[in-house]
Amino acid sequence: MTSPATFTQAHISYAAVVPMLVIFGAAMVGVLVEAFVPRAMRYWTQLGVTFAGLVASFLTLVLISRNNKGITAADAVVIDGPALMLQGTILVLSVLAVMLMAERFDTRSADAFTQSGASVPGSPMETNAVRLGATSTEVFPLVLFSVGGMMLFVAAGDLLVMFIALEVLSLPLYILTGLARRRRLLSQEASLKYFLLGAFSSAFFLFGSALVFGATGSIKFGEIADAVGKVNGRDDILIPGMLLVAVGLLFKIGAVPFHTWTPDVYQGAPSPVSGFMATTVKVAGFGAMLRLFYVALEGLSWNWQPVIAIVAVLTMVVGAVFAVTQTDMKRLLAYSSISHAGFLLVGVVALNKTGLSGTMFYLVAYSFTTLAAFGMVPLVRSAGSEATHLSQWAGLGKTSPILAATFSFLLLGFAGIPLTSGFTAKFALFSGAVGHGATWLVVIAMLMSAVTAFVYIRIIVLMYFSDPTGDTHVLFPSALTGISVTVGALATLVLGVAPAPLLNLAQHSSLFLR
Amino acid sequence: MSDFPWLTTLGVIPLVGAAVVALLPKGATRNVRPIALAFSLLTLVVGIVAATQFKTSGDNPQFQLAETHSWIPQFGVSYAVGVDGMALSLILMSLVLVPISLLAAWNDIPEGGRRQQSYFALLLVLETFMVGVFAATDVFLFYVFFEAMLIPVYFLIGMFGGPRRQYAAVKFLLFSLFGGLIMLVAVIALYQQGPGGDHGFLVNSLTGLHMSESTERLLFVGFFIAFAIKAPMWPVHTWLPDAASEAKPAVAVLLVGVLDKVGTFGMIRFCLQLFPDASKWATPVVIILAVISIIYAAIAAIGQNDMMRLIAYTSVSHFGLIVLGIFAVTQTSVIGSQLYMVNHGITTAALFLFAGFLIMRGKSKNITDYGGWQRTTPVLAGVSLVAGLSALSLPGLNSFISEFLVLIGTFERYPVAAGISVVAVVLAALYILLMYKNIFTGPKQQLVAAPDGTLAMAGVNGQGGRPSTGVTKTLFDEPDTDIADIPAEAKVRGSAIRDLDVREKTVAGVLIAIMLFLGFFPKPALDLLKPAVRDTLQHVNVHDPAPHAGVTTEGSSK
């Protein structure tokens, strides 16, 4: 195509990438707001900027990008059906997640975040900051940067852009994880752990990219795919390269054996951030993985499918079995998210159009339910902080019937009971796998579904069939949390009863460009 | 008139009733029970009208009163309902049992209020699912109802049951979910064997498929495990005694009498119809499991002290007979099984509800805590005896005809299995009559604490003396009961143990009337079922030219 000697200026189709530009622009504005707007006005200003950015980005996505699909920026960015669908999903989820993060209850700053992230926990400096009414409004531009990274991640057209996007989405998350208002040491520990392990996995990804480049002579997915068919005798660097790249991505989605950070980080991070990570990051991670395996490495499917299948089995089993032993709600949700990642990997293994649309549908369905569940965790309080121990949730069915009913419904959604989105999603996902012949994987997935169902049902038992104990009480949320949780629960119901429109969208969006 | 969506209407009425009951304002909660009962009676009336639209003579399609709408075209799922004789008879049975159970459950939640609202609303929701699960003619839709039904039952057991209700509810749910999830894999795989398309999940589209032998067998096993758990058959029956024992009697009635029928119903509708060759392949194993169920559960029933568990075990035994008849696949045995499903529903309802009446008075589920109650409560003793005789298949009562049909039908093909199963008739007489003897006959018991502490009333008065009892509040410690609701009890409140009141007599009278009717004049039911049986046998023989389903042919495959 292009001769290596001459420099050709990359053509960028701005119409295709405008949603990302809007997000990054809004994030920049957010940084400026942080610098120049008086403290008292920052919260509302930041909230306005963030929502405006997310909504504008979504509108441009639907109105402009959708009609300008294509490969652009010298093959670095691919705006195709899956990219647009996942970007849209990420944006919608981010709006809901930001609503949760902005929840203030009756205080003057976002309740989940510390007022002074830079101070040592318990130090005079922190006390001072609290007394002066400091706020952590920087979380909003951080979220926007992360969202921008995710949008690029699912649209990356070569390994380097994918790596950059991976870093852009990860770095803000490391910071967000460490900003919890309560139990700050735990939060900071989680942040450090996430950062270190994340850095390792990034290194794996980069090293793998180098090997793949060495074997195929290109970092572009399309050219890698072509080369995989032609190159002979370089499997000894191509296969390790492929596996190392996969490690980087498997880490992000929390697949076993790269999952150990998940429970610690989800537990330590502020609950809305955990919800944000459990949903959008997973969407982005699976989007990138689907593109890598379906576009670039499709020719190697004989090599990666068994590996991913084994990882899927391990992820499902470990996630489900460890979820049984958890006593902390956030850790339990973390292990549950691990087992769901395992289910999703079954869809990845399918390697067909049904598997792709099924995976995307599952991602959407699962994310709404998960976000709503994480959004409800901060409402249950004991002694001033979140009551995350399971025993503190006992008897909520009697004391707070609405919260208990909603949460139970979400749990039934996780368990995949019919008439919830969890069921239709499982069906969509596993149809692809059964069609591919991976029925044994689906059987294991179903057995593990039964195990996770036990976990979810145990919580329902606790809330409904046990008597309330201790000083657990439930805060009445503002409209922000209210809307967010309601949307999540409604999506769980609607996608369970009338999934046809979204399935349609997923099926029409399941064609990768290369 | 025939275009009217009868079955959808049947499903919607109880759902509306549930919503009304659940949303009643605080001041109107005293109307919860009448409203719930009214809705269930309305459903019954509509159901009877719908049944008159059903044609039993002439050449009809397999499913009548059918409605088909596209639901999730991407999956090939339709909202498709319709009934054949078997489905209609089971729906009618459910519609009869719900108001009876509601009436029997009148005082289950004595404290009233929110809990009572939830209880009756859940029962009505359950009725919707029961209609749906029998009426669904789309495999996916059936599965949706099959699984969704677990949730109201789970809450009914878990929130309103006896002391070990949590354990029982979770066990019930896990067993059912396990079977259901295995079945889901088979459901997905089945669709991919079928013609596909927007209506690819319709039972009619999936009947008579040609698939490889191993695929068909695996799919059969996937479906059968779920139905065997549901039915329940040995060795996956263990959840039933726990669930039935911990649930309120009315819930136990719907659980054992109706929900478990989904298992045997599914065996006929799905296992036999969709996988005829695999069914033949599996028949020897199924027959053996059925015979073990019949004998084992009957012996286990004899050993029970908890009368609710005893009744649950009798059901396991009877379900074994039903399965035996289904898989013997002769015209006589299948029609016997289908009739047995209806009869068993009525008989079990009577056993559970009468036992519930007794437990309400004696405050213990243990048979040894009773004795001589015939003198105190002669009417209760009488109706219990009739129900018991029906369970042991006394001629003249409903179960006899169906059990007889199953046994002679099975004997044509599997004489050994039928021969062994006949022993269950004797065992049935043992467990029923022993229970009756220990509870109702003998000397009248003291109503106050006896020195040796073994008597029923002694257990009540001693501190913590009734560990196995599910009844925490009864008529004795409930002075606030609405007098208008139970005038007979109010008059003699707390004085002594009273016999059945008007409400309970109504329940008993209706049930016994049905038993006698079906016992002496089963023709309407048999007419309804005959075409369904013909269809079933046709499906099974689709790939099998050998005419060994004929009634006159001597079975030789054993």
- request: Output the number of residues of region A:498-514 satisfying the condition of being within 13 Å of chain B (Cβ to nearest Cβ), in a loop (DSSP other than H, G, I, E, B) and touching a strand residue (DSSP E or B) at 6+ places or on another chain (Cβ under 9 Å).
  value: 2
task: Please state which of the following conditions A:Val324 fails to meet, knowing it meets all the rest: (1) over 27 Å from A:Val494 (Cβ atoms); (2) away from chain B (no Cβ under 14 Å); (3) surrounded by fewer than 24 Cβ atoms within 10 Å (Cβ to Cβ).
output: (2)
task: Within region B:410-423, identify whether any single residue is surrounded by 20 or more Cβ atoms within 10 Å (Cβ to Cβ) and out of contact with any Gly (no Cβ under 9 Å at 6 or more places or on another chain), and answer yes or no.
output: yes
Helices (runs of 4 or more DSSP H) fully within region B:281-381 counting 3 or more residues that are aliphatic (A, V, I, L, M) and crowded, with 24+ Cβ neighbours inside 10 Å: B:307-328, B:331-362
message: Please go through region A:428-444 and give me each residue that is touching a residue at least 40 places away in the same chain (Cβ under 8 Å) and within 8 Å of chain B (Cβ to nearest Cβ), ordered by number.
response: A:Ala428, A:Phe430, A:Ser431, A:Gly435, A:Val442
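A quick yes/no check of all residues on (1) of a type in the set (A, V, I, L, M); (2) over 26 Å from B:Glu213 (Cα atoms); (3) touching a residue at least 12 places away in the same chain (Cβ under 8 Å); (4) in contact with a helix residue (DSSP H, G or I) (Cβ under 9 Å, 6 or more places away or on another chain):
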| residue | (1), (2), (3), (4) |
| --- | --- |
| B:Pro232 | no, yes, yes, yes |
| B:Ala243 | yes, yes, yes, yes |
| B:Leu254 | yes, yes, yes, yes |
| B:Gly257 | no, yes, yes, yes |
| B:Lys261 | no, yes, yes, yes |
| B:Ile268 | yes, no, yes, yes |
| B:Cys271 | no, no, yes, yes |
| B:Ser279 | no, no, yes, yes |
field: Failed condition for B:Ala189, given (1) of a type in the set (Gly, Ala, Ser); (2) within 23 Å of the chain's Cα centre (by Cα); (3) surrounded by fewer than 24 Cβ atoms within 10 Å (Cβ to Cβ)
entry: (2)
The one condition in (1) away from chain A (no Cβ under 14 Å); (2) within 25 Å of A:Ala498 (Cα to Cα); (3) touching a Pro at 6+ places or on another chain (Cβ under 6 Å) that B:Gly85 fails to fulfil: (2)
- line: Among residues of region A:91-108 being among the β-branched types (Val, Ile, Thr) and under 14 Å from A:Thr279 (Cα atoms), the residue surrounded by the most Cβ atoms within 10 Å (Cβ to Cβ) is A:Val98
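Conditions tested, residue by residue: (1) at pLDDT below 80; (2) touching a strand residue (DSSP E or B) at 6+ places or on another chain (Cβ under 6 Å); (3) of a type in the set (Asp, Glu); (4) outside any loop (DSSP other than H, G, I, E, B).
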{"site": "B:Leu10", "(1), (2), (3), (4)": "no, no, no, yes"}
{"site": "B:Leu15", "(1), (2), (3), (4)": "no, no, no, yes"}
{"site": "B:Val21", "(1), (2), (3), (4)": "no, no, no, yes"}
{"site": "B:Asn31", "(1), (2), (3), (4)": "no, no, no, yes"}
{"site": "B:Ser40", "(1), (2), (3), (4)": "no, no, no, yes"}
{"site": "B:Ala50", "(1), (2), (3), (4)": "no, no, no, yes"}
{"site": "B:Thr56", "(1), (2), (3), (4)": "yes, no, no, no"}
{"site": "B:Gln62", "(1), (2), (3), (4)": "yes, no, no, no"}
{"site": "B:Gly82", "(1), (2), (3), (4)": "no, yes, no, yes"}
- prompt: Just one of the numbered conditions (1) surrounded by fewer than 23 Cβ atoms within 10 Å (Cβ to Cβ); (2) part of a helix (DSSP H, G or I); (3) within 14 Å of another protein chain (Cβ to nearest Cβ); (4) in contact (Cβ under 8 Å) with a residue 24 or more places away in the chain is not true of B:Leu184; which one?
  reply: (1)
query: List the pairs whose first member sits in region B:63-79 and is within 11 Å of chain A (Cβ to nearest Cβ), whose second member is hydrophobic (A, V, I, L, M, F, W, C) and assigned to a loop (DSSP other than H, G, I, E, B), and whose Cβ atoms are under 6 Å apart, counting only residues at least 6 apart or on separate chains?
result: B:Gly76/B:Phe201; B:Val77/B:Phe201
message: What are the pairs with Cβ atoms under 6 angstrom where one residue, in region B:409-436, is within 13 Å of B:Ser333 (Cα to Cα) and the other, located anywhere, is among the acidic types (Asp, Glu) and surrounded by fewer than 20 Cβ atoms within 10 Å (Cβ to Cβ)? Sequence gap at least six, or different chains.
response: none
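Yes/no matrix, rows are residues, columns are (1) among the small types (Gly, Ala, Ser); (2) in contact with a Leu (Cβ under 6 Å, 6 or more places away or on another chain); (3) under 23 Å from B:Gly158 (Cα atoms):
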| site | (1), (2), (3) |
| --- | --- |
| A:Ile444 | no, no, no |
| A:Ser449 | yes, yes, yes |
| A:Thr469 | no, no, yes |
| A:Val474 | no, yes, no |
| A:Leu503 | no, no, no |
statement: Those residues of region B:141-162 which are within 10 Å of another protein chain (Cβ to nearest Cβ) and of a type outside the set (A, V, I, L, M, F, W, C) amount to B:Tyr143, B:Glu147, B:Tyr154, B:Gly158, B:Gly161
query: Which ones in region A:465-497 are part of a helix (DSSP H, G or I), within 11 Å of chain B (Cβ to nearest Cβ) and surrounded by fewer than 23 Cβ atoms within 10 Å (Cβ to Cβ)?
result: A:Phe465, A:Val497
message: Let me confirm something: among A:Ala52, A:Ala40, which residue is of a type in the set (Gly, Ala, Ser), surrounded by 13 or more Cβ atoms within 10 Å (Cβ to Cβ) and part of a helix (DSSP H, G or I)?
response: A:Ala52
Search result, residues across region B:1-39 that are polar (S, T, N, Q) and touching a helix residue (DSSP H, G or I) at 6+ places or on another chain (Cβ under 7 Å): B:Thr9, B:Thr29
- prompt: Restricting attention to region B:163-181, does a residue exist that is surrounded by fewer than 23 Cβ atoms within 10 Å (Cβ to Cβ), at pLDDT below 85 and more than 10 Å from chain A (Cβ to nearest Cβ)?
  reply: yes
message: Given the options A:Leu396, A:Leu447, name the one that is within 9 Å of another protein chain (Cβ to nearest Cβ) and more than 23 Å from B:Gln74 (Cβ to Cβ).
response: A:Leu447
message: Given the criterion surrounded by fewer than 24 Cβ atoms within 10 Å (Cβ to Cβ) and assigned to a loop (DSSP other than H, G, I, E, B), identify the matching residue among A:Gly117, A:Gly88.
response: A:Gly117
message: What's the number of the only condition in (1) outside any helix (DSSP H, G or I); (2) in contact (Cβ under 8 Å) with a residue 60 or more places away in the chain that B:Ser393 fails to meet?
response: (2)
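The values are calculated or read from the model by the stated rules, or taken from the named source; none is laboratory data. Keep in mind that what you see is a predicted model, and the values were worked out from it rather than measured. Here the Cβ is made from the backbone with ideal geometry for all residues, glycine too, and neighbour counts use every protein chain on show.
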